[in-house]
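**Student:** I am attaching a structure below and will ask some questions about it afterwards.
The values are calculated or read from the model by the stated rules, or taken from the named source; none is laboratory data. Just so we're clear, the structure is a prediction, and the values are computed from it rather than from any experiment. Positions of Cβ are generated from backbone atoms using ideal geometry, with glycine treated the same way; all protein chains shown enter the neighbour counts. Side chains included, ligands, DNA and RNA excluded: accessible areas come from the protein's heavy atoms. Shrake-Rupley method; radii C 1.70, N 1.55, O 1.52, S 1.80 Å.
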Amino acid sequence: LLTAALKGGVGRAGALERAPRVAELPFEPGRRRMTTIHHMAAPLVPSPRGDADPPARGPEAGESGAEPAVSDQTPAQRIAWVKGAPAELLALSSRVRSGGCDAPLGPEFRAQILAEVDGYAAQGLRVLGFATRQLPDTLDAPSADGVERDLTFLGLMAMLDPPRPEVPGAVERCHRAGIRVLMVTGDYGLTAESIARQIGIVRGAAPRLVDGRLLEAMGDAELRRALEGEVIFARVAPEQKLRIVMALQSAGHVVAVTGDGVNDAPALKRADIGIAMGISGTAVAREAADMILADDNFASIVSAVEEGRAVYANIKKFVTYIFTSNTPEAVPFILFAFSGGRIPLALTVMQILSIDLGSDIVPALALGAERPEPGIMDQPPRNLHEHVITRGLLLRAYAWLGLIQSVAAMSAFYFLYWTSGYWGAWTDLPASGPLYRSATAMTLACVVMTQIGNLFAQRTERVSVFRVGLFSNRLVWCGIATELAIVLSIIYLPPLESAFGTAAFPLRGWLFLVAWAPALFLADELRKAVVRRLRPAARPRS
C-alpha cells in the first residue's frame, strides 16, 4: 500500500505531517479490519514528490478520489480511515464516494462492488476495501463500535501475493507421500480457492468451501465429515483453527500446523508438530511452536519430511546390518551344544566381541549417512504404532541374510579342516592347536567379508543399489577399509593373535572368502527385484 501511494505521489511522512495519527484500532480477526484516526488540518492530495508539500489544486482535485482541498484556516477535524475485508466494510457503510461526491450506497451498487471483489478473488488476488468517516466532536474515547459505523465506502485495492514457484512441486510431493495439505486461512474464500488450485492443494471440480460462519454452525460430527473430502477453510478465526486441528487429531491424523501470528499460537501448541515462521513469525508463535522454519518456505517442510523418513530408514538399516551378523555368531554355539561338543566352536567369545565392538561399528555408522532412497516420498506414512524393529526386519536379518552368512561362515570353518587333511569329517575335529586357531580365524574373516556384501545390501530397502551408485556414499568405503584393517590385524599381528586366539591361514583361504564376499549383496538384490515385481510402488492418495 505504501508503494502504491508513492507511485500516486503521496508519501507517508508528508501525509502524516499534514494528518497526524492520534489513535488506532488495530486489526482483529473477529472484525477483519483496522482503523486509524487522524487530525485533518490540510488536504491530502497527490504531489509530484512523495513527501513534498502538495501544489495548489482546484475543485477538480476531488475527481481523482482524494479529499477535497481544505484551506489552512479550516478547523482541524478527526477523520477515521478504515481498511479491511470488503464485505465487512460494505456492511458498515451507508454511502459511497464516486466522482468526488458522496452518494447513498444502494443495493445495486453494493452488488456491483461485491461482484468486483469476487472477480479479483477468482484471479487469486487479495482484496482490501477502504472506507472513511468524519468523527463527531462528541466522540471522546474511540472504540470499534463507536467509530466503525456509518462509513463512506471509498474503493478497493487488489494485490497479487503469488505463491513461491517451488510450492506446487512441494505440494505434489506431499500428495505422493500420502500427506494431506489443508488450507486454513483468514483470506476470502474465492481467493483461497484460486491459490489452492494454483499450488495443487485442491484438484477436484467442486471442493467444499467452509467459511468461519459456516464452521461455527457445524457440529463436531459434521466437521469430521467435511474433513474427509476436499475442503478449504476461509475467513477462519483462531479458535476455529484450533478446533480443526483437534478434529483431525480425533480422527487419528498426525497434524502439523504452520502459523506466524499471535492468534496462531493455540493451534501451534495443540498440533503434533507446530511450525512457526522464522522471518515473518511473531515471538509468541515461535515460542508456541515445536519447530521454526528459518526461510518461511513450505518446500522446506517437505524436504524436512523426506529427511525425517531417511533418518528413520537409516536407523533400520543400521539395526538390520548389526542383527545380520548375530546369526553366524550364534550358530557355532548351537552346533556345539547339539553335537555334545563334537563340533568345535567355530568362533570364540573374544572373536565375536571383535565383530560386535570392532569391525561392525564404522560400517554401520556409514549407513546413517545414506541419502534418502529413491521413491521414499512415494510411500505412504508409516503406521504411528509401528516399532523400529519389525517382523520384516527380523526376517530379513535372521532368516534371510543371517542364514546365508551362517552357511558361509561354517563352510569357511570346515574348508580349512578339509583342505588340511580332514576331508569329509564333520565332527571330532581338533578343538585346539594351530589348525583350530586358523579355522576360527577363517570363520571370523568370513563373517567380516560377508558383512561387506551385507553393507551394500543394506544401503537400500527396495531399489537396486546400482541405482543409487556404489560410490555415492564414501563413508561406506571408509567402513570397509576399517573392518578389513581390524580383521587383518587380529589375524596377522602376534600380540592380537594371542589375545583373540587366531592364527594365519593359507592364501587359498582368502580366495575362498573373496568368493563369498558378494553373496549377501547378490541375494538381497534378488529379493529386492522380486519385491518390486510383486509389489510395485503405489502412489498413495493424499
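**Student:** What are the pairs, 6+ residues apart or on separate chains, where a residue within the stretch 268-297 that is at positive phi has its Cβ under 7 Å from a residue that is of a type in the set (A, V, I, L, M, F, W, C)?
**Tutor:** Between residues of the stretch 268-297 that are at positive phi and residues that are of a type in the set (A, V, I, L, M, F, W, C), the close pairs are D296/M277; D296/I279.
**Student:** Right, another one. Tell me whether the stretch 158-166 contains one or more residues that are among the acidic types (D, E) and in contact (Cβ under 8 Å) with a residue 60 or more places away in the chain.
**Tutor:** Among the residues of the stretch 158-166, at least one is among the acidic types (D, E) and in contact (Cβ under 8 Å) with a residue 60 or more places away in the chain, which makes the answer yes.
**Student:** Can you tell me which residues in the stretch 211-221 are without any contact (Cβ under 8 Å) to a residue 12 or more places away in the chain and surrounded by 14 or more Cβ atoms within 10 Å (Cβ to Cβ)?
**Tutor:** If the condition is that a residue be without any contact (Cβ under 8 Å) to a residue 12 or more places away in the chain and surrounded by 14 or more Cβ atoms within 10 Å (Cβ to Cβ), then L214, M218 are the ones that fit.
**Student:** Against the conditions (1) closer than 21 Å to I490 by Cβ; (2) outside any loop (DSSP other than H, G, I, E, B); (3) open to solvent by 10 Å² or more (accessible area, probe 1.4 Å), where does F336 fall short? Just the number, please.
**Tutor:** Exception for F336: condition (1).
**Student:** List the number of the failed condition for G501; all other conditions in (1) closer than 30 Å to A346 by Cβ; (2) out of contact with any helix residue (DSSP H, G or I) (no Cβ under 6 Å at 6 or more places or on another chain) hold.
**Tutor:** Tallying (1) closer than 30 Å to A346 by Cβ; (2) out of contact with any helix residue (DSSP H, G or I) (no Cβ under 6 Å at 6 or more places or on another chain), G501 fails exactly one: (2).
**Student:** Then there's this: For N454, only one of the following conditions fails: (1) at pLDDT 95 or above; (2) surrounded by fewer than 18 Cβ atoms within 10 Å (Cβ to Cβ). What is its number?
**Tutor:** (2)
**Student:** If we keep just the residues of the stretch 167-182 that are open to solvent by 30 Å² or more (accessible area, probe 1.4 Å), touching a residue at least 40 places away in the same chain (Cβ under 8 Å) and not charged (D, E, K, R), which is farthest from L242 (Cα to Cα)?
**Tutor:** Checked the stretch 167-182; the qualifying residue farthest from L242 (Cα to Cα) is G169.
**Student:** In the stretch 79-93, which residues are open to solvent by 30 Å² or more (accessible area, probe 1.4 Å) and out of contact with any His (no Cβ under 9 Å at 6 or more places or on another chain)?
**Tutor:** Passing the criteria: K83, A87, E88, A91, L92.
**Student:** Still on this model: So which residues in the stretch 489-529 are open to solvent by less than 30 Å² (accessible area, probe 1.4 Å) and hydroxyl-bearing (S, T, Y)?
**Tutor:** If the condition is that a residue be open to solvent by less than 30 Å² (accessible area, probe 1.4 Å) and hydroxyl-bearing (S, T, Y), then T502 is the only one that fits.
Conditions (1) out of contact with any helix residue (DSSP H, G or I) (no Cβ under 7 Å at 6 or more places or on another chain); (2) surrounded by fewer than 16 Cβ atoms within 10 Å (Cβ to Cβ); (3) over 28 Å from A304 (Cβ atoms), marked per residue:
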position: M350; (1), (2), (3): no, yes, yes
position: L353; (1), (2), (3): yes, yes, yes
position: L357; (1), (2), (3): yes, yes, yes
position: E370; (1), (2), (3): no, no, no
position: G392; (1), (2), (3): yes, yes, no
position: M410; (1), (2), (3): no, no, yes
position: Y417; (1), (2), (3): no, no, yes
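**Student:** Is it fair to say V96 is surrounded by 19 or more Cβ atoms within 10 Å (Cβ to Cβ), farther than 23 Å from E28 by Cα, at pLDDT below 95 and β-branched (V, I, T)?
**Tutor:** Criteria met by V96.
**Student:** Would you please list the contacts, defined by Cβ atoms under 8 Å and residues six or more apart or on different chains, that run from a residue in the stretch 373-401 that is at negative phi to a residue that is open to solvent by 70 Å² or more (accessible area, probe 1.4 Å) and modelled with pLDDT under 90?
**Tutor:** Every condition considered, the pairs that remain are D378/R539.
**Student:** Can you pull out the residues in the stretch 261-294 that are open to solvent by less than 60 Å² (accessible area, probe 1.4 Å) and not in a helix (DSSP H, G or I)?
**Tutor:** G261, A271, G274, I275, A276, M277, G278, G281, T282, A289, L293 - these are the residues of the stretch 261-294 that are open to solvent by less than 60 Å² (accessible area, probe 1.4 Å) and not in a helix (DSSP H, G or I).
**Student:** Name the pairs: first residue in the stretch 318-341 and within 17 Å of A523 (Cβ to Cβ) and in contact (Cβ under 8 Å) with a residue 24 or more places away in the chain, second residue of a type in the set (D, E) and not in a helix (DSSP H, G or I), Cβ to Cβ under 8 Å, at least 6 apart or on different chains?
**Tutor:** Y321/D360; S325/D360
**Student:** Given the conditions (1) hydroxyl-bearing (S, T, Y); (2) more than 23 Å from T502 (Cβ to Cβ); (3) in a loop (DSSP other than H, G, I, E, B), which single one is not true for Y398?
**Tutor:** Answer for Y398: the failing condition is (3).
**Student:** In this structure, does L475 turn out to be without any contact (Cβ under 8 Å) to a residue 40 or more places away in the chain and open to solvent by 20 Å² or more (accessible area, probe 1.4 Å)?
**Tutor:** No; evaluated as a whole, the condition is false for this residue.
**Student:** Can you tell me which residue among L455, L475, L513 is touching a Cys at 6+ places or on another chain (Cβ under 8 Å) and under 20 Å from G358 (Cα atoms)?
**Tutor:** None of the others qualify; the one that does is L513.
**Student:** Here's a follow-up. From the list T440, T427, T460, exactly one residue is assigned to a helix (DSSP H, G or I) and within 23 Å of Q405 (Cβ to Cβ). Which is it?
**Tutor:** It is T440.
**Student:** Can you tell which of A299, A364 is assigned to a helix (DSSP H, G or I), farther than 30 Å from L496 by Cβ, aliphatic (A, V, I, L, M) and out of contact with any strand residue (DSSP E or B) (no Cβ under 8 Å at 6 or more places or on another chain)?
**Tutor:** Criteria check complete, one pass: A299.
**Student:** Give the stretch 339-348 a look and list any residue that's hydrophobic (A, V, I, L, M, F, W, C) and open to solvent by 30 Å² or more (accessible area, probe 1.4 Å), or say none.
**Tutor:** Within the stretch 339-348, L345 is the sole residue that qualifies.
**Student:** Now for a different question. Is there any pair with a first residue in the stretch 13-34 that is closer than 15 Å to K83 by Cα and modelled with pLDDT of 90 or more and a second that is open to solvent by 50 Å² or more (accessible area, probe 1.4 Å) and part of a strand (DSSP E or B) whose Cβ atoms are under 6 Å apart and which are 6 or more apart or on different chains, and what are they?
**Tutor:** Pairs that qualify, where the first residue is closer than 15 Å to K83 by Cα and modelled with pLDDT of 90 or more and the partner is open to solvent by 50 Å² or more (accessible area, probe 1.4 Å) and part of a strand (DSSP E or B), are M34/P26; M34/F27.
**Student:** Also, I was wondering about something else. Return only the number of the condition from (1) outside any loop (DSSP other than H, G, I, E, B); (2) in contact (Cβ under 8 Å) with a residue 40 or more places away in the chain that Y414 does not satisfy.
**Tutor:** Status for Y414: all satisfied but (2).
**Student:** Given the conditions (1) touching a Ser or Thr at 6+ places or on another chain (Cβ under 7 Å); (2) under 29 Å from Y120 (Cβ atoms); (3) buried (at least 19 other Cβ atoms within 10 Å of the Cβ), report the number of the one that D187 does not fulfil.
**Tutor:** Failing condition for D187: (1).
**Student:** Got a sec? Which of L160, L105 is open to solvent by 70 Å² or more (accessible area, probe 1.4 Å) and aliphatic (A, V, I, L, M)?
**Tutor:** Selected residue: L160, the only one of L160, L105 that is open to solvent by 70 Å² or more (accessible area, probe 1.4 Å) and aliphatic (A, V, I, L, M).
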